[in-house]
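Input: a single structure, listed below in C-alpha cells.
The values are calculated or read from the model by the stated rules, or taken from the named source; none is laboratory data. If you're wondering where the values come from, they're calculated on a predicted model, not measured in any experiment. Quick reminder, even Gly has a Cβ in these numbers, built from the backbone with ideal geometry, and neighbours come from all protein chains shown. Ligands, DNA and RNA are stripped out before the accessible areas are found, and what is left, the full protein with its side chains, is counted by its heavy atoms. Shrake-Rupley method; radii C 1.70, N 1.55, O 1.52, S 1.80 Å.
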Amino acid sequence: MSLSLTAPAQTAPSCADDGVWLECIACGEQFAPFEEIMYTCRACDGLLEVRYANPPTFEEYGSDGRVPDAPDRGVWRYAASLPFDEGVSLPEGDTPLHKAPRLRDSIGVNRLRIKHEGMNPTGAFKDRGMTVGVRVAKELGVDRLACASTGNTSAALAAYGARGGMETLVLLPKGKVAAGKIAQASLHNARILEVDGNFDACLDIVQELAARGEVYLLNSLNPFRLEGQKTIGFEILEEFHADHGHYPDRIVLPVGNAGNTAALYKAFRELIQAGSLAPEEVPKLTGVQAEGAAPMVEAVENGADAIRRWESVETRATAIRIGNPVNAPKALPGIRNTGGTAVAVSDDEITAAQRDLAGEGIGVEPASAASVAGLRKLRSNGTIGADEDVVCLTTGHLLKDPDAAFAAGDDPEPVPNDTEAVIEHLAE
Ligand code: F0G
C-alpha cells in the first residue's frame, strides 16, 4: 500500500514552489502547488498530498526539546513545515493536553492525556486546517469559499472566511447539525444551504460546484487543510515528550472523514524523515467511529484497502455521521503501518464517555467523546494494555451541541423563591 511510514526523503521536483509541491498518493504524479486550482490528481483522480523536500526536525521549530512560551505557540509555530510563514489567524492551536487521573484509573491505563481541540477559536480542530486553507485560497485569488459539513467545518470556514474578508457558502445535512454550529456559521455570515440528504450527499454536491469553478473547496479533501491539522500531532508529541521523556504509545481519535487520522500520520512520517522520531517510537493510530457510521472500522476489520460507502448512517454524534470517508486512502495506511486499529462504539457508550470527561472538567461534544469510549472498549477487551501511555483526542467543545449536553446531564430542579424551601429541597 502507498504512504509507507519510512519513505525516503525526496528532492524537490522542478514544479516545486519554494520547496513545496503536490504529489498524488496513488500514481506519484507531481504538480506545482499554486499555479492552478486542483483538489485531486489530474492524471488519476487520486488524493493529493503536500510535500516538502526537507521536513524540519523538532529542533528546527525552535523548541530545543522544550515547549516554548505561550505567545510563540500554535499552528504557525510550525511554519517551517507549512506552505506559508503566516496565515489568516485568530489564532489557533496550542490547545491543552489535560491530565485526567480519575478517568485513567477507571479505564486502567498507565498514563492518559486528553488533547482538547475544542479549545480552538471556533471550538473545534477545524481552525487549524482553515488558517492554512484560507491563506492558500488568498494565494490562488479565489473569492468564494465553500464546504459540506456536519457542522464544525462550516463554523470554522465562516469565521476564517469572515476574518479574511471572503464570501462563504456551506452545505449542511438538513436537521442533522447541532445548534451551536449553525449559530456560528450564521452569525459569521456564511450563506447556509440545507440539503435534503446526509453529509456525503452535501460533499458530492460541493465537489461538483468546485469542479465547475463556482467555489473554492475547503473540505479536508483539500490537501492544504491537513497541513494545518498535522500540527495536532506535533503538539502532542512535543508536549508529551517534554513531560515524560518519551512519546505516547497510542493516540485514539474520533473518525469521520478521516482527515485527522491522515494528518497525524503525515506528521509522524515527516518527523521520521527529519530524524526527530524513530519508526518504533510512532504512536499507534487508533480510530473510533459510531456503530451507525463505521465504514473505516469495517475496512480495518476486513483488512481491506478501501472503504465501502455506507449509504445510510445514523448516530447521536452528528459530527461523525459520515458514510464515505474521503481521506480513507491516506488514513488506512496510517492505522495499519503504525500498528493501530479501529473500533466502533454505541451512542450510549459515547454519552457515558461524554459524562466521564465532564466529570474531569473537560466539556466535549458527543463525537469527541467517542475517542474515550473507544479507549475504554479496547482496554476492556484487552486490545490495549494496562501499561500503555495513551492520548485521546477530543475534537469539539461541549457548547457545540447544547441539546446533547442537556440530554446527557441532569435536569434543573424547580424550587420556590424562598431560602427555607431551598434548604428543605436540598435535604430531600
Ligand atoms: N470530531 C468532530 C467534532 C468533528 O466535527 C469531526 C468532523 C470529526 C471528529 C471527524 O474528523 O473528519 O478528520 O475524521 N467534522 C466534519 C465537519 C466532517 O463537517 O465538521 P475527521
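Applying the criterion of at least 2 residues that are away from the ligand (no atom under 16 Å from the Cβ) to the helices (runs of 4 or more DSSP H) found wholly in segment 165-278 leaves 199-211, 231-244, 259-274. For segment 223-248, a residue qualifies if it is surrounded by fewer than 20 Cβ atoms within 10 Å (Cβ to Cβ) and hydrophobic (A, V, I, L, M, F, W, C), and exactly one does: ALA242. Being touching a residue at least 12 places away in the same chain (Cβ under 8 Å), open to solvent by less than 10 Å² (accessible area, probe 1.4 Å), outside the structural domain of ASN260 (by TED's automatic domain parsing) and outside any helix (DSSP H, G or I), is that true of even one residue in segment 126-138? No, segment 126-138 contains no residue that is touching a residue at least 12 places away in the same chain (Cβ under 8 Å), open to solvent by less than 10 Å² (accessible area, probe 1.4 Å), outside the structural domain of ASN260 (by TED's automatic domain parsing) and outside any helix (DSSP H, G or I). Considering segment 292-379, the qualifying helices (runs of 4 or more DSSP H), each wholly inside and each with 2 or more residues that are within 20 Å of the chain's Cα centre (by Cα) and closer than 16 Å to PHE406 by Cα, run over 347-358.
Tell me, which residue of segment 168-182 that is free of Cβ contacts under 8 Å to residues at least 40 places away in the same chain and surrounded by fewer than 16 Cβ atoms within 10 Å (Cβ to Cβ) is farthest from ALA137 (Cα to Cα)? Across segment 168-182, the extreme among qualifying residues is GLY175. The residues of segment 118-154 that are within 15 Å of the ligand (Cβ to nearest atom) and of a type in the set (Gly, Ala, Ser), listed by number, are GLY118, GLY123, ALA124, GLY129, GLY133, ALA146, ALA148, SER149, GLY151, SER154. The conditions of being free of Cβ contacts under 8 Å to residues at least 60 places away in the same chain and more than 15 Å from the ligand (Cβ to nearest atom) are not met by ALA293.
For segment 134-157, give me each residue that is farther than 24 Å from ASN324 by Cα and within 18 Å of the chain's Cα centre (by Cα). Selection gives VAL134 alone. Going by the structure shown, is GLU36 exposed (fewer than 14 other Cβ atoms within 10 Å of the Cβ) and either closer than 23 Å to ARG135 by Cβ or among the β-branched types (Val, Ile, Thr) (or both)? When the stated conditions are applied, GLU36 passes them. Here is the figure for segment 368-397: residues that are touching a Ser or Thr at 6+ places or on another chain (Cβ under 9 Å), farther than 19 Å from GLY233 by Cα and of a type in the set (A, V, I, L, M) total 3.
Results for (1) open to solvent by less than 30 Å² (accessible area, probe 1.4 Å); (2) modelled with pLDDT under 95; (3) under 30 Å from LEU3 (Cβ atoms), shown as yes or no for each residue.
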{"site": "VAL326", "(1), (2), (3)": "yes, no, yes"}
{"site": "LYS330", "(1), (2), (3)": "yes, no, yes"}
{"site": "ALA373", "(1), (2), (3)": "yes, no, yes"}
{"site": "ARG376", "(1), (2), (3)": "no, no, yes"}
{"site": "THR383", "(1), (2), (3)": "no, no, yes"}
{"site": "THR395", "(1), (2), (3)": "yes, no, yes"}
{"site": "ALA407", "(1), (2), (3)": "no, no, no"}
{"site": "VAL422", "(1), (2), (3)": "no, no, no"}
{"site": "LEU426", "(1), (2), (3)": "no, no, no"}
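The condition of being assigned to a loop (DSSP other than H, G, I, E, B) and either open to solvent by 20 Å² or more (accessible area, probe 1.4 Å) or hydrophobic (A, V, I, L, M, F, W, C) (or both) holds for only one of GLU86, GLU92, that being GLU86. Remark: THR57 falls outside the filter, which requires a residue to be outside the structural domain of ALA267 (by TED's automatic domain parsing), assigned to a helix (DSSP H, G or I) and among the polar types (S, T, N, Q). When you scan segment 77-95, do you find a residue that is within 22 Å of PRO283 (Cα to Cα), of a type in the set (Gly, Ala, Ser) and touching a residue at least 24 places away in the same chain (Cβ under 8 Å), even just one? Yes. Screening THR338 with (1) away from the ligand (no atom under 15 Å from the Cβ); (2) modelled with pLDDT of 95 or more; (3) open to solvent by 30 Å² or more (accessible area, probe 1.4 Å) gives one miss only, at (3). Within this structure, VAL195 fails the test of being at negative phi and under 17 Å from the mean Cα position of the chain (by Cα).
Could you tell me whether segment 100-117 includes any residue that is part of a helix (DSSP H, G or I), within 13 Å of the ligand (Cβ to nearest atom) and crowded, with 24+ Cβ neighbours inside 10 Å? Yes. None of GLY46, GLY28 is over 26 Å from GLU238 (Cα atoms), of a type outside the set (Ser, Thr, Tyr) and within 24 Å of the chain's Cα centre (by Cα) except GLY46.
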